[in-house]
């Protein structure tokens, strides 16, 4: 299995999916059971174009083949971002997709991810009653 298939299986089983920074690239080709892209119409974040361009400027040349912000937007994700290089994370409206903007977002991402897992657990427990 490749990563999109693993994430798809987790999602289709009712699991919570998360990615931070460039890890959101791993979500670009994941489809749900109805054949739609997982990120389409969902709130997501990842490295912002402004952050990527600032890094490229600092090193003196363009080295990224594409910007994750653009890739998410072209796939109909509802891209959101905070200030450059500041902690920022977002949970999708359905509560099952959690993404963090970049490496400085670990704490806020982790809290949101734990909250999503707890909500999924509570929902499963209620359904099991």
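Some points to look at:
- Fully extended contour minus Cα-Cα distance, from residue 94 to residue 64, at 0.36 nm per residue: 7.6 nm
- Relative contact order (percent, whole number), segment 38-108, Cα cutoff 8 Å, 6+ residue spacing: 39
- Cα-based helix-to-principal-axis angle, 106-128 vs the chain, degrees rounded to 10: 20
- Point-to-point label distance, residue 57-residue 117, nm (Cα→Cβ direction, 7 Å offset): 3.8
- Using a cutoff of 8 angstrom between alpha carbon atoms and counting only pairs six or more residues apart, the relative contact order for the chain works out to 26 percent.
- Angstrom value of the Kirkwood radius, inverse mean 1/r, which spans all Cα pairs in the chain: 15.2
- Helix axis angle, 3-12 relative to the chain longest principal axis, alpha carbon, degrees: 40
- For the chain, the 222 nm mean residue ellipticity estimated from helices alone, with every DSSP H stretch of n ≥ 4 adding -39500 (n - 2.57) and the total spread over all residues, rounds to -12500 deg cm²/dmol.
- Bridge orientation summary for the chain: considering DSSP beta bridges with both residues in this region, about 40 percent are antiparallel.
- The alpha carbon centroids of segment 6-40 and segment 64-129 are separated by 11 Å.
Only the coordinates and a few stated rules stand behind these numbers; no lab work does. Not measured: the values here are computed from a predicted model. Counting neighbours? That spans all protein chains shown, and the Cβs are built from the backbone with ideal geometry, glycine included.
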